[in-house]
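One structure is given here, and the rest of the page talks about it.
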Amino acid sequence: MTNLFLDALAGKTGSRPPFWFMRQAGRYLPEYRELRAKADGFLDLCYTPERAARVTLQPIERFRPDAAILFSDILVVPQAIGQTVGFVEGRGPVLDPIKSAAQLAALDPGRTLEHLAPVFETVRLVRSELPDDVALIGFAGAPWTVATYMIEGGSTRDFNTVKSWAISNREAFETMLNLLVESTTAYLVAQVESGAQALQLFDTWANAVPASEFDNWVSEPTARIVSAVKAKAPDIPIIGFARGIGPRLPDYIRKTGIDAVGLDSSISPAEAARDIQPICPVQGNLDPAYLLSGGDEMERAAREVLKELSDGPFVFNLAHGINKETPPSHVERLAEIIRTWESRA
Ligand code: 1CP
């Protein structure tokens, strides 16, 4: 069975561009809120395979995208290796922040597979229930982005704590990135063995990295994960999504060995067609604010993305996750615009 999404990642251009949406499962969907209310917190939802599988499938039933993304979170990895992680209602993630080499030494990547066994069960369940022509995407956070939460102890606006810690404790920070490379590789390979057909590495906070550290903190750890995953699963396509890195995109693509790149909305579709698509397949990049707004503005912006990028290998997506206030009817309309796009010569 052909899948337009997997074809696009392999560099092919099909009858219409495939699509999925970052954060296509989640709080903007009433059926998600209903299941979420029954769970004992967000992490319980992630670790209960039947529920996590249902949540993964909810947007597929509504919008029929070409791919489903496993319902989990990037912060299950620090939890798996021994850090205390919680999600607090109205506040987001809260971690017991890593401040010392002793705390770092207590983390154990060897625990990854055992701790995350329920996630692999979710992958198996979802794959067994998905239609053949919908692909299943596994994912993880890239080491830098996960490390920001581990050191800051949660979300941050300025990244001062993690950046100054990384600069003043270079050896310890390298040890931390190494732990994350090891754990994340094991996690992703097990997702593939359980049925994931493509992988995405989320480097949401790559924009906060100083240019002089970009190779050390972003490209090299990502490259090591890509090559280690491909050593075990040679055919798995890997999408790299390093947000906000603009002019460094070509360098990031070449140095990491990713198969396709996720684009945020700081690059225009025309610039992406000219500068990035000749290097590798691209995924993106409608700003989620257009989806939140809906109407003619959304339609115009979506058609511009389609017009500029659908002549080459391309997966339609958003530039970042769906905003939780987004009316599902806007998402439905967007899916229809993409599905009926026909300007390919
Ligand atoms: O209460 C709830 O229901 C929690 C909301 C929520 C959801 C739905 C969180 C908390 N995580 C998720 C699921 C999730 N997270 C998915 C799977 C669902 C899908 O895409 O359909 C994925 C891929 C993620 C990845 C994730 N988690 C990222 C990278 C992608 C991105 O959006 O930038 C990041 C940074 C996180 C951390 C995270 N998880 C949740 C929160 C509130 C946060 C913090 C975000 C921040 O610091 O701004």
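Structural remarks
- The relative contact order of the range 196-242 comes to 74 percent, based on Cα pairs under 8 Å that sit 6 or more residues apart.
- If the chain linking Asp96 and Glu114 were pulled fully straight, counting 0.36 nm for each residue of separation and taking away their Cα-Cα distance, it would gain 4.3 nm.
- In the range 254-338, Cα pairs under 8 Å separated by at least six residues give a relative contact order of 35 percent.
- Helix runs (DSSP H) in the chain reaching 27 Å along axis by Cα, Kyte-Doolittle at least -1.0: 170-194
- ³J(HN,Hα), Karplus 6.51/-1.76/1.60, whole Hz, each residue of the range 89-106, x for Gly, Pro: 3, x, 10, x, x, 10, 10, 6, x, 7, 10, 10, 4, 5, 5, 5, 5, 6
- Binned Cα-Cα distances of the range 258-345, short to long, each 5 Å bin given as a whole percent: 3, 15, 28, 25, 18, 9, 3, 0
- Average Cα contact separation per residue, the chain, under 8 Å, 6 or more apart, as relative contact order %: 22
- Amide H partners (placed H, <5 Å) of Leu263, local residues excluded: Gln283, Gly284
- At a probe radius of 1.4 angstrom, the accessible area of the range 4-339 per residue rounds to 39 square angstrom.
- Debye intensity ratio in log₁₀ form over the Cα atoms of the range 39-94, taken at each q of 0.13, 0.23, 0.24, 0.30 Å⁻¹: -0.39, -0.95, -0.99, -1.18
- Charge dipole of the range 4-339 (Cα centre as origin; +1 on each Lys and Arg Cβ, -1 on each Asp and Glu Cβ, all else neutral): 80 debye, rounded to the nearest 20.
- The orientation-averaged projection of the convex hull spanning the C-alpha atoms of the range 23-71 amounts to 3.1 square nanometres.
- Extending 7 Å from Cα along the Cβ direction at Arg27 and again at Ser227 yields two label points whose distance is 4.1 nm.
- The accessible surface of the chain, taken with every protein chain in place and a 1.4 Å probe, is 48 percent carbon and sulfur.
- Each peptide in 188-197, 206-215, 30-39 gets a packing score, the mean of other Cβ atoms within 10 Å over its residues, and the list from highest to lowest is 188-197, 206-215, 30-39.
- Pair-distance distribution of the range 305-345: all C-alpha pairs, bin width 10 Å, starting at 0; shares per bin in whole percent are 23, 52, 22, 3.
- Its alpha carbons considered, the range 1-118 gives a radius of gyration followed by a Dmax of 17.6, 55 Å.
- Computed helical MRE - 222 nm, the chain, DSSP H runs ≥ 4 contributing -39500 (n - 2.57), nearest 500: -14000 deg cm²/dmol
- The base-10 log of I(q)/I(0) for the range 97-221, evaluated at q = 0.11 Å⁻¹, reads -0.43 [Debye formula, identical scatterers on Cα atoms, solvent excluded].
- For the range 4-339, the number of Lys pairs with C-alpha atoms closer than 22 Å, counting only pairs eight or more positions apart or on separate chains, is 6.
- Packing, as the average of other Cβ atoms within 10 Å across residues, places the peptides 310-321, 91-102 in the order 310-321, 91-102, highest first.
- Cα-Cα pairs of the range 4-339 separated by more than 30 Å (percent): 31
The values are calculated or read from the model by the stated rules, or taken from the named source; none is laboratory data. These figures come from a predicted structure and were not determined experimentally. Ideal geometry is used to build each Cβ from the backbone, glycine not excepted, and the neighbour counts take in all protein chains shown. Calculation scope for accessible area: heavy atoms of the full protein, side chains included, ligands and nucleic acids excluded. Shrake-Rupley method; radii C 1.70, N 1.55, O 1.52, S 1.80 Å.
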